1. Among the helices (runs of 4 or more DSSP H) confined wholly to segment B:128-246, which include 3 or more residues that are in the same structural domain as B:LYS356 (by TED's automatic domain parsing)?
2. Give segment B:164-185 a look and list any residue that's buried (at least 20 other Cβ atoms within 10 Å of the Cβ) and more than 13 Å from B:ARG203 (Cα to Cα), or say none.
3. Hey, any hits in segment B:286-303 for a residue that's in a strand (DSSP E or B), over 21 Å from B:ARG45 (Cα atoms) and within 14 Å of chain A (Cβ to nearest Cβ)?
4. From the list B:ALA247, B:ALA299, B:ALA268, which residue is over 19 Å from B:CYS317 (Cβ atoms) and either modelled with pLDDT of 95 or more or surrounded by 15 or more Cβ atoms within 10 Å (Cβ to Cβ) (or both)?
5. Could you check how many residues of segment B:186-201 are aliphatic (A, V, I, L, M), touching a Leu at 6+ places or on another chain (Cβ under 9 Å) and surrounded by 21 or more Cβ atoms within 10 Å (Cβ to Cβ)?
6. Run down A:GLU62, A:GLU48, A:GLU38 and say which single residue is at pLDDT below 95 and either more than 21 Å from B:TYR323 (Cα to Cα) or out of contact with any strand residue (DSSP E or B) (no Cβ under 7 Å at 6 or more places or on another chain) (or both).
7. If I ask for residues that are in contact (Cβ under 8 Å) with a residue 24 or more places away in the chain, within 11 Å of another protein chain (Cβ to nearest Cβ) and loosely packed, with under 14 Cβ neighbours inside 10 Å, which ones from segment A:19-43 would you list?
8. Considering only residues that are in contact with a Lys or Arg (Cβ under 7 Å, 6 or more places away or on another chain) and surrounded by fewer than 16 Cβ atoms within 10 Å (Cβ to Cβ), which ones fall in segment B:369-396?
Amino acid sequence: MKVAVDLGLCDRQAVCIGITPAVFDFNGDGELTVLQPEPPESLRDAVEDAAAACPMAAITVEQ
Amino acid sequence: MSAPGRVAVVGASLAGVRVLKALRRKGFDGELVLIGDENELPYDRPPLSKHYLTGDDPVAVKLLEPESFYDDVELRLGVSAVRLDLADRAVTLDDGSSVRADHVVIATGARARTLAELPDGPRIARLRTLADARRIRAAFRSCRRLLVVGGGFIGCEVAASARRRGLEVTLVEPLAAPVVRGVGAVVGGTIAAVHRDNGVDLRVGLAVAGVEHLADRLVVMLTDGSRVEADFAVVGVGATPATEWLAGSGIEATGGVACDDRCRVAGAGGGVWAVGDVAVWPSRLSGGPVRIEHWTNAAEQASVLAANLLDDSSDMCHDPVPYVWSDQYEHKVQILGSVHGDDETTLVSGSLDERKFALAYSREGRICGLVAFNSPREVVAMRTLIAQSALMADVA
């Protein structure tokens with residue numbers, strides 16, 4: 001599974017960080033960063049929940 | 001896992017579309033019907049008060065899903081549900097047809113309230129639908145003076161968008177400050193100052209008493225006897241759940257459709273579900289039944305609904321930490337948890353003067369929510385504490 005955030009869309013709402021802090025965080029500049037671009041399968045539901053909850057639809061999850 | 005067969009979703013906005021998406025994602029391969037009363041492919045509503053009004057031509061409508069998403073969905077757009085028959089789970093539509101299904105999902109959302117003193121007219125609009133937003137967008141391009149009635153988040157965003165387009169804006173709010181009922185005097189005072197700094201003529205403690213429709217403008221009388229001339233008016237005075245079509249169905253729908261924390265509608269005999277702005281459910285976190293009109297609530301609740309619809313033994317319950325945001329001018333306001341205007345507030349970071357701060361809300365010594373004003377990091381830091389109803393003594 002591959003996770004990416006489109007920083008052009010990201011509005012720094014932090015919903016994804018709240019749902020799946022193991023994968024998403026802010027970096028030192030306050031930009032969203034993907035901590036694990038290829039997270040383990042065990043995080044799939046949590047990552048897909050975070051993608052679904054993003055108000056900007058900025059997160060993509062590939063198989 | 002049971003085999004639900006055919007699922008009819010009534011309401012084609014975020015909650016309804018996300019139910020379809022979650023069902024498919026979780027492997028459902030039965031028939032899906034989506035019924036919506038607007039003649040539009042389902043679109044995202046939050047931009048309607050923001051970018052859709054301010055953006056230059058051509059402005060794009062943000063669709064929830066591309067058209068191809070509906071290839072395997074029976075899409076019934078431009079028709080309203082007028083009746084639900086629980087015995088055979090049949091939804092009657094206003095074109096005389098009827099849709100039967102094994103499961104009916106009630107996702108009809110809410111409608112913008114009207115104001116008796118300022119009823120809809122050629123120069124008066126409410127903002128809920130894309131059609132409403134098109135009218136307001138057009139008015140922003142042909143009018144000079146805008147009156148906004150109601151200082152909730154929608155009214156404030158419309159006022160901010162109008163200023164961005166260079167209109168003269170009067171904002172009338174019956175309470176002492178905008179958004180004060182929802183988030184209290186501290187944030188209300190900040191938002192009031194932001195609007196005044198941006199040139200809005202903010203008139204608080206006043207309501208509309210009446211209106212005169214002249215050939216080329218409106219003259220609106222306020223309760224202090226003053227008059228506001230405007231070329232166009234937007235009324236933003238809240239929303240009510242769209243449940244008229246459930247009258248006579250046997251479902252009690254005053255103030256919303258009651259369901260449990262798995263989205264099952266009470267007293268419907270099974271196979272009937274509710275989600276999004278229309279749903280009322282028991283929230284452990286809020287200590288009672290709640291109805292939440294937030295974007296993220298609809299998205300999250302849809303996922304819970306789909307899991308439970310597909311699997312009777314699912315243990316997924318809906319009790320999220322509520323979240324909503326507002327963009328006004330260059331400011332981002334984020335609200336986490338269940339926040340009321342009369343909660344106690346404590347500044348946990350930043351400074352009100354700098355308009356960059358986080359304010360914790362508490363009841364009986366326990367944190368229940370947060371408003372982060374230009375402070376997105378605080379939303380992350382506080383979410384767990386709010387989910388745990390932590391003692392304020394441990395928060396700040």
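The values are calculated or read from the model by the stated rules, or taken from the named source; none is laboratory data. Model, not experiment: these values are computed from the prediction. Ideal geometry is used to build each Cβ from the backbone, glycine not excepted, and the neighbour counts take in all protein chains shown.
1. On the way: elements: B:130-142, B:153-164, B:180-197.
Because the criterion is at least 3 residues that are in the same structural domain as B:LYS356 (by TED's automatic domain parsing), no helices (runs of 4 or more DSSP H) in segment B:128-246 meet it.
2. B:LEU167, B:VAL179, B:VAL180, B:VAL183, B:GLY184
3. Taking segment B:286-303 first, the residues in a strand (DSSP E or B) are B:288-290.
Imposing the further condition that a residue be over 21 Å from B:ARG45 (Cα atoms) reduces the set to B:288-290.
From what's left, within 14 Å of chain A (Cβ to nearest Cβ): none.
No; the residues of segment B:286-303 include none that is in a strand (DSSP E or B), over 21 Å from B:ARG45 (Cα atoms) and within 14 Å of chain A (Cβ to nearest Cβ).
4. After applying the criteria, what remains is B:ALA247.
5. 3
6. A:GLU62 is the lone residue from the list that is at pLDDT below 95 and either more than 21 Å from B:TYR323 (Cα to Cα) or out of contact with any strand residue (DSSP E or B) (no Cβ under 7 Å at 6 or more places or on another chain) (or both).
7. A:GLU31
8. Scanning segment B:369-396 gives a single hit, B:LEU391.
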